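Notes follow the structure.
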Amino acid sequence: MKRQIPLMIVLFLGILLTVQFFIPSNSSTVFYQTVIQWYLIITGFTIILAVGSLVNHHNLKIRRRKEHWWNSIATITGVVVMALLGILGKIEGLGWMMDLYRKLFKYVQAPMDSAMFAILAFYMASASYRAFRARSKEALLLLISGFIVMLGVVPFGAYLWRAIPDISEWILMVPNMASKRGILLGVGLGSAATALKIILGIERSWLGGGGK
Amino acid sequence: MRQKIPGLLLVLFWASLCLALPAQQIPVTAEPAAAAIAPVQAVKAFDTPNDKGRSITVTWQASSDEAKGLVAGYEVQRSESSQEGFADIGYVPFGFSSYTDQELPANGKDYYYRVRAEGLKGEEAYSQVSGAAQAREQWFNTMRANALFGTVLFILIVIYFISKAKKGHHLFIRKIAGLAAVDEAVGRATEMGRPILFVPGIASISDIPTIAALNILAEVSKRTAEYDTPIIVPNRDPVVYTVAQEIVKESYNQIGRPDAFNHDSVFYLTDNQMGFASGVDGIIAREKPATNFFLGYFAAEALIIAETGATTGAIQIAGTDQVTQLPFFITACDYTLMGEELYAASAYLSRQPMLLGTLKGQDWSKALIGLLMVVGVVLSFINPALRTFILKLLEVG
């Protein structure tokens, strides 16, 4: 029964939402919006569970003195401080808390985000080095096409040979686009098949049961 | 006094001359009346097709003065009577010849429309009043009839192969290197006594790649339960976290080792994208997992976590349907599931006949689409007009 109820809910709502896609009427639209609202409500409740998980996870690390456990203290402190400032800052007379909250967001979190994103540039360099080592025929092909595309997007490419930007454009628009579309076609069908398997109850891995 | 009279006369003469001259030299003319502007023609009002109702679409033929650059725009007016009571309801600039009147007070009621063309110098010209139009809600979106046909056909193909699989027919599935390596990857972690890291992407539960990743998590966690290998599952989405935890727990139950399940192995990190990438990087650096699974939806953080994993020497199996992130995974990981391979994983790993049947149906549908594409290209070459027809046929509203 524990598995049958979720399966029945999925079957019922899955069919209903599939049919809804083809019905533009007002009641159909209202039903869809209601489902979306329910999803948001459920998400709201799961955030409580998620924060509980986060605190519990780091609490265990601190208690067991795991490697780099002091980072967990910083995490829990950050969660508590930001939550308190955000909630209490709404109270009249405690506006300074909201100011501090905004400052912490602007001058601490945003720069940390940017720094993390900036690391991507270095990882790209190291990944490119690995990808462009011509150890096989495929890698050699990648190296040559990558080199032409890179030359094609800088003025120096056209300076070397006028046709390079055109060749670069052709590589991007023909073989590259064809392979992209091939993948996307498979993705579209794969998505539809996965949805169908779940709606019909053929795929039950998400229940942990593997269909048995 | 006699001496003053001529001077006075001279001043008077001069003054009268000054007053008279401007009237003669700069004649005052009346402001020319604003030139008439041509009104719009053929105003039509009809129920907006394929909508939820309370909406009427108005179309017209542009004013003939629009081509001369004299028209600023068109004000659409509505009334419940064809004679009077017209009120402005919306303005569209020149170049547009339709307007959709949304949020009407009621369905099934007569409404009349007219369009006022407005010139650049403030000229106005009213069109004829349209015929009565009524808004109605529709119960089938005709623009999606092709999608319905495609969906039904796809379902029928899948059902056919499922029934074939149920009858015991052997269905050949090609080897997918990334999935064939799952057992090896779990075995390696067991031998090394290190954990397995499984990241189910950064998207929400309503995204299909996340669901596909969770299906694979179920199979992987069964193997970790069998071998008693620790598994670490950090999550970005709160809903995905709760579902992932249930999946891993159920897998351990199914293997008969509920005691081996560690609640803390599936946890929530943060919903901040770069914060999540940073957290996963930290886990990789500290725990040094022997195997990393990056499956699901990934964006800019894909390369950050995959490259960090590569530096620790872990076996890395990645999979996503994001074509922009696939090159990064191919570069930094040992095995990469590309697009549909991610969705095939659950069937491939479990080898259940019903799931393999859907996979086969998927392949045949792809072959059918490929065939249709070839036919479409050939027909377009034979007659270019057919190209427009085919594109119209495939358009989904």
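A short reminder: the numbers here are calculations on the coordinates, not readings from a lab. Quantities reported herein were computed from a predicted structural model and do not represent experimental measurements. Cβ atoms come from the backbone with ideal geometry, glycine included; neighbour counts cover every protein chain shown.
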Simple spin-label estimate for residue B:253/residue B:120, 7 Å along Cα→Cβ, in nm, reads 7.5
Give the order of A:168, A:114 when sorted by the count of other beta carbons within 10 angstrom, beginning with the fewest.
-> A:114, A:168
Per the C-alpha gyration tensor (a ≥ b ≥ c, the square roots of its eigenvalues), segment B:171-351 is rounded if a/c is under 1.5, else prolate if a/b beats b/c, else oblate; here it's rounded
Based on DSSP, what percent of beta bridges with both residues in the protein assembly as shown are antiparallel, to the nearest 5?
-> 60
Once the in-chain neighbours fewer than 8 apart are removed, the lysines whose Cα is under 18 Å from residue B:360 read A:197, B:164, B:166, B:167, B:175
Efficiency of FRET between residue A:166 and residue B:351 - r from beta-carbon atoms, R0 35 angstrom, step 0.05 = 0.10
Taking placed amide H atoms and a strict 5 Å upper bound, the residues 5 or more places from residue B:73 or on another chain that come that close are B:94, B:118
Partner chain coverage, peptide B:146-157 - average Cβ within 10 angstrom = 2
Between residue A:96 and residue A:156, what length comes free when the chain is fully extended (0.36 nm per residue of separation minus the Cα-Cα distance, one decimal in nm)?
-> 16.2 nm
Using Cα centres only, tell me the gap between segment B:298-314 and segment A:1-68 in whole Å.
-> 28
Taking chain B and counting helices only, DSSP H stretches of n ≥ 4 at -39,500 (n - 2.57) each over all residues, the nearest-500 ellipticity at 222 nm comes to -15000 deg cm²/dmol
Peptide B:261-273, shielding by other chains (average Cβ, 10 Å cutoff) | 4
In whole Hz, the Karplus estimates of ³J(HN,Hα) for segment B:382-397 (6.51, -1.76, 1.60; θ = phi - 60°; x where Gly or Pro) are 5, 9, x, 5, 5, 4, 4, 4, 5, 5, 5, 5, 8, 5, 10, x
Length-normalised contact order for chain B - Cα pairs under 8 Å, 6+ apart - percent = 14
Derived scalar couplings ³J(HN,Hα) [segment A:112-127; Karplus, 6.51 cos²θ - 1.76 cosθ + 1.60; whole Hz; x for Gly, Pro] | 5, 4, 4, 4, 5, 5, 5, 4, 3, 4, 5, 5, 4, 4, 5, 5
Summing -39500 (n - 2.57) over every DSSP H run of at least 4 residues in chain A and dividing by its residue count gives a helix-only mean residue ellipticity at 222 nm, to the nearest 500 deg cm²/dmol, of -25500 deg cm²/dmol
Between residue B:152 and residue A:45, the FRET efficiency computed from the C-beta separation at R0 = 35 Å comes out, to the nearest 0.05, as 0.40
Nearest 0.05, what FRET efficiency do residue B:180 and residue A:103 give at R0 = 41 Å with Cβ-Cβ as r?
-> 0.20
Counting sequence-distant residues (5 or more places) and residues on other chains, those with an amide H built under 5 Å from that of residue B:203 are B:297
